[in-house]
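The values are calculated or read from the model by the stated rules, or taken from the named source; none is laboratory data. Keep in mind that this is a model prediction, so the values were computed, not measured. Cβ: placed from backbone, ideal geometry, glycine included. Neighbour counts: every protein chain shown.
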Amino acid sequence: MVSPIPLTIVCCVESGSLESQTRYLVESLRRFGGSLAQAPIIAVTPRLGLPLQAATHQCFDRFEVEHISSLRSPTRYTWNGFMNKPYALLAATERAKTDMIVWLDSDILVAGEPTTLLLPDGIDFQACTADQSGATTGPDDEMAAYWEGICQCLGLELESLPWVITAHEQAKVRFYFNSGVFVYRRLSKFAPQYLENCIRLLDSRLSSKVCGFFYTDQVALGLTAHQLGLSWQPLPLSHNYSMSSLTYDSWYREEELREARLIHYHDAVWPPFWPTFLSCVQKTHPNVGKWLDTLGPMQNTAPLPYRAMNKPLKMMRDWQRSQHQATCTVL
């Protein structure tokens, strides 16, 4: 049956702490999403790993989340957790029936009705340029050579990319978005092209002297929309408000959090920063703060045997990552 809500929420889930984050995301959408609270949700497990917890399956049953396993990521890149995103998107896009697809990172908390996610007529893509980490501000900055290289890899001219303004620094950067929240039309062919571009960037063995290949999925995001000629507009900071222990002192503004509908909390809900985060949310979103207080700080609730088995898996993937980095050309 086609949903009366014209968008599908897509996220990634796999054994470990990501499960706890995904459960917070799902419940917060159902509680605080307003007219979008009942949007279809597809949670994808795109690579092999340990089984999900019973609590996660119960959450998915309770809140009507469709969970699919799509084990098609190539062996050479299963170590890269950020490749979960394009693989999950492709699987969900092929499954969804709605006009629009919304990607939400699992460390997103829905704090209000995020209606700006709905694409206006004539717009095919939306995302937020939250900050300039990983972006280039022009030919004289330290990211310029890397951006020249990746554009060549994808057959693009760097100078053809539009300029956008970052929300936090108000810096002018080439076409670049945070990949924690974005929206596109299902029939735009975005998902397969995004996956192809992420693979091509990793295959190129290009790495930035500033951030390595950490931002591959973010770099590929805007480049894919540009490559496809998609009409676009920026998402406001309220729909991807970043909050973490690392940026709190320099970026936190109470009035901005009060306006936020989607909070990208990064490490802010884990025990070390939890009291500060909870206090901020209680001041700006009392109903959300009350609910969070009943849950407490984020915990990895995976059974101890699962956590023990995940450790060697993580060690193997970290080794594969280092092997890849060792073969890269650093620009």
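If you go through region 91-113 one residue at a time, do you hit one that is of a type in the set (Ser, Thr, Tyr), crowded, with 17+ Cβ neighbours inside 10 Å, within 24 Å of residue 193 (Cα to Cα) and over 18 Å from the mean Cα position of the chain (by Cα)? The answer is yes, given that some residue of region 91-113 is of a type in the set (Ser, Thr, Tyr), crowded, with 17+ Cβ neighbours inside 10 Å, within 24 Å of residue 193 (Cα to Cα) and over 18 Å from the mean Cα position of the chain (by Cα). For region 289-301, taking the residues that are part of a loop (DSSP other than H, G, I, E, B) and touching a residue at least 24 places away in the same chain (Cβ under 8 Å), the one that is nearest to residue 107 (Cα to Cα) is identified as 298.
Using the structure shown, decide if residue 5 is under 28 Å from residue 285 (Cβ atoms), in contact with a Pro (Cβ under 8 Å, 6 or more places away or on another chain) and outside any helix (DSSP H, G or I). When the stated conditions are applied, residue 5 passes them. Once region 275-288 is narrowed to residues that are in a helix (DSSP H, G or I) and within 23 Å of the chain's Cα centre (by Cα), the residue that is farthest from residue 21 (Cα to Cα) is 280.
Looking only at region 248-275, which residues are hydroxyl-bearing (Ser, Thr, Tyr), without any contact (Cβ under 8 Å) to a residue 40 or more places away in the chain and surrounded by 14 or more Cβ atoms within 10 Å (Cβ to Cβ)? Break it down stepwise before answering.
Of all residues in region 248-275, those hydroxyl-bearing (Ser, Thr, Tyr) come to 248, 250, 252, 265.
Filter once more, so that each one left must be without any contact (Cβ under 8 Å) to a residue 40 or more places away in the chain: 248, 250, 252.
248, 252, listed by residue number.
Which ones in region 176-198 are surrounded by fewer than 21 Cβ atoms within 10 Å (Cβ to Cβ) and either in contact with a helix residue (DSSP H, G or I) (Cβ under 7 Å, 6 or more places away or on another chain) or under 25 Å from residue 236 (Cβ atoms) (or both)?
Keep residues of region 176-198 that are surrounded by fewer than 21 Cβ atoms within 10 Å (Cβ to Cβ), which gives 185-189, 192-193, 196.
185, 186, 188, 192, 193 - these are the residues of region 176-198 that are surrounded by fewer than 21 Cβ atoms within 10 Å (Cβ to Cβ) and either in contact with a helix residue (DSSP H, G or I) (Cβ under 7 Å, 6 or more places away or on another chain) or under 25 Å from residue 236 (Cβ atoms) (or both).
Only one entry in 91, 43 is out of contact with any Cys (no Cβ under 8 Å at 6 or more places or on another chain) and either assigned to a strand (DSSP E or B) or of a type in the set (Gly, Ala, Ser) (or both), namely 91. Here residue 279 meets each of (1) closer than 20 Å to residue 13 by Cβ; (2) loosely packed, with under 13 Cβ neighbours inside 10 Å; (3) of a type outside the set (A, V, I, L, M) with one exception, condition (1). On inspection, residue 68 qualifies as surrounded by fewer than 18 Cβ atoms within 10 Å (Cβ to Cβ), on the phi < 0 side of the Ramachandran plot and of a type in the set (A, V, I, L, M). Filtering region 45-58 for residues that are of a type in the set (S, T, N, Q), at pLDDT 95 or above, touching a Phe, Trp or Tyr at 6+ places or on another chain (Cβ under 7 Å) and under 28 Å from residue 287 (Cβ atoms) leaves an empty set.
I want to confirm something. Restricting to region 302-314 and keeping residues that are more than 16 Å from residue 47 (Cβ to Cβ) and assigned to a helix (DSSP H, G or I), which single residue is modelled with the highest pLDDT? That would be 311. For first residues located in region 320-331 and over 20 Å from residue 145 (Cβ atoms), partners that are assigned to a loop (DSSP other than H, G, I, E, B) and of a type outside the set (Ser, Thr, Tyr) and lie 6+ apart or on another chain with Cβ distances below 8 Å form the pairs 320/79; 321/79; 321/80. Once region 115-131 is narrowed to residues that are under 16 Å from the mean Cα position of the chain (by Cα) and not hydroxyl-bearing (Ser, Thr, Tyr), the residue that is nearest to residue 188 (Cα to Cα) is 125. Out of all the residues in region 11-33, which are in contact (Cβ under 8 Å) with a residue 40 or more places away in the chain and in contact with a Ser or Thr (Cβ under 7 Å, 6 or more places away or on another chain)? If the condition is that a residue be in contact (Cβ under 8 Å) with a residue 40 or more places away in the chain and in contact with a Ser or Thr (Cβ under 7 Å, 6 or more places away or on another chain), then 11, 12, 13, 14, 18, 19, 20, 21, 22, 25 are the ones that fit.
Screening residue 133 on (1) crowded, with 16+ Cβ neighbours inside 10 Å; (2) at pLDDT 95 or above; (3) within 30 Å of residue 39 (Cβ to Cβ) shows it passes everything except condition (2).
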